[in-house]
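The values are calculated or read from the model by the stated rules, or taken from the named source; none is laboratory data. Predicted model, so just to flag it, every value in this text is computed and none were measured. Please note: Cβ atoms are built from the backbone with ideal geometry, for glycine as well, and neighbour counts cover all protein chains shown. What goes into the accessible areas is simple: the full protein's heavy atoms, side chains included, and nothing from ligands, DNA or RNA. Shrake-Rupley method; radii C 1.70, N 1.55, O 1.52, S 1.80 Å.
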Amino acid sequence: MRTLDELMQEVFSDRDLMPEQVPALDLYMDQVLTLLEEGLADTRRHPDEKLITKTMINNYSKEKLLSALKGKKYSHQHIMQILCIYQLKQMLSLTDVKQLTGRDDVDFEACWRSYLEQKQQLRVEIPADLARMHPDLQDPAERLVFCLALSAASSYMRRLCEKILDETASQPL
């Protein structure tokens, strides 16, 4: 088994889809899917895994997580919005995601850029914090305890997001 440092190096060196990689021209669904599948490829667990599908995007639109389309094309802003939805749905319910993304008063590109800056900080801080725990991943008990601790950290972050949303849910738009 690889070391924790090697595993973290792999996980925290994922490539991000940058706003300048998203064309300024409006795209059809198939073009959007190709762009996202290529741009988010580093987040796949398995090579044949589908990260985002036509059905998923259609459901985001139907459920109003995504701003209304003009015709059958997706604007740069729509694609930035889809990227935010994709990231948030990893952890939050679609109802919670809708509260954050189902609006027209947000510059999703600016939000994505700020997110990428904060993500870069996390890529430095999280591995340093985890390395201090020194788990022996060869030992089944230590591996279990470490994965439980990672799960707890994930749960704390999700619950914090939910608390933030609960606090702001009653505020007018």
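Do any residues in the range 37-61 that are open to solvent by 50 Å² or more (accessible area, probe 1.4 Å) have Cβ atoms under 7 Å from those of residues that are among the basic types (Lys, Arg) and part of a loop (DSSP other than H, G, I, E, B), where the two are at least six apart or on different chains, and which pairs are they?
Every condition considered, the pairs that remain are ASP42/ARG15.
Kindly indicate which of SER93, SER67 is without any contact (Cβ under 8 Å) to a residue 12 or more places away in the chain and closer than 30 Å to GLN121 by Cβ.
Step by step, each of SER93, SER67 is checked, and only SER93 is without any contact (Cβ under 8 Å) to a residue 12 or more places away in the chain and closer than 30 Å to GLN121 by Cβ.
Please pick out the residue among ARG123, ARG103 that is assigned to a loop (DSSP other than H, G, I, E, B), open to solvent by less than 60 Å² (accessible area, probe 1.4 Å) and among the basic types (Lys, Arg).
ARG103 is the lone residue from the list that is assigned to a loop (DSSP other than H, G, I, E, B), open to solvent by less than 60 Å² (accessible area, probe 1.4 Å) and among the basic types (Lys, Arg).
Mind listing just one residue for me: the one in the range 1-22 that is part of a helix (DSSP H, G or I) and of a type outside the set (A, V, I, L, M, F, W, C) and, of those, least open to solvent (accessible area, probe 1.4 Å)?
PRO19
Residues of the range 23-61 being under 17 Å from GLN81 (Cβ atoms), part of a helix (DSSP H, G or I) and either out of contact with any strand residue (DSSP E or B) (no Cβ under 9 Å at 6 or more places or on another chain) or among the basic types (Lys, Arg) (or both), which ones?
Start the filter on the range 23-61 by keeping residues that are under 17 Å from GLN81 (Cβ atoms), which leaves 23-29, 31-33, 35-36, 39-40, 51-54, 56-61.
After this cut, where a residue has to be part of a helix (DSSP H, G or I) as well, the list is 29, 31-33, 35-36, 39, 54, 56-61.
If the condition is that a residue be under 17 Å from GLN81 (Cβ atoms), part of a helix (DSSP H, G or I) and either out of contact with any strand residue (DSSP E or B) (no Cβ under 9 Å at 6 or more places or on another chain) or among the basic types (Lys, Arg) (or both), then LEU33, LEU36, GLY39, LYS54, MET56, ASN58, ASN59, TYR60, SER61 are the ones that fit.
Any idea which residue in the range 137-154 is farthest from LEU7 (Cα to Cα), counting only those that are more than 23 Å from the chain's Cα centre (by Cα) and either loosely packed, with under 12 Cβ neighbours inside 10 Å or among the polar types (S, T, N, Q) (or both)?
The extreme case among them is ALA141.
Limited to the range 127-136, what total is found for residues that are open to solvent by less than 60 Å² (accessible area, probe 1.4 Å) and in a helix (DSSP H, G or I)?
As a first pass, look at the range 127-136 and keep what is open to solvent by less than 60 Å² (accessible area, probe 1.4 Å): 127-128, 130-131, 135.
Within this subset, residues satisfying the condition of being in a helix (DSSP H, G or I) are 127-128, 130-131.
Here the count works out to 4.
Which of (1) under 27 Å from ILE164 (Cα atoms); (2) part of a helix (DSSP H, G or I); (3) touching an Asp or Glu at 6+ places or on another chain (Cβ under 6 Å) is the odd one out, the single condition ILE79 does not satisfy?
For ILE79, the exception is condition (3).
Name the residue that is most open to solvent (accessible area, probe 1.4 Å), counting only residues in the range 82-100 that are within 22 Å of ASP16 (Cβ to Cβ) and part of a loop (DSSP other than H, G, I, E, B).
Filtering first and then ranking leaves GLN90.
Could you please find all residues in the range 52-103 being under 30 Å from ALA152 (Cα atoms) and of a type in the set (Lys, Arg)?
LYS89, LYS98
Does GLN118 satisfy the criteria of being closer than 24 Å to ARG159 by Cβ and assigned to a helix (DSSP H, G or I)?
yes
Checking the structure you have, find out if any residue of the range 63-72 is in a helix (DSSP H, G or I) and either open to solvent by 70 Å² or more (accessible area, probe 1.4 Å) or modelled with pLDDT under 95 (or both).
No, because not a single residue in the range 63-72 is in a helix (DSSP H, G or I) and either open to solvent by 70 Å² or more (accessible area, probe 1.4 Å) or modelled with pLDDT under 95 (or both).
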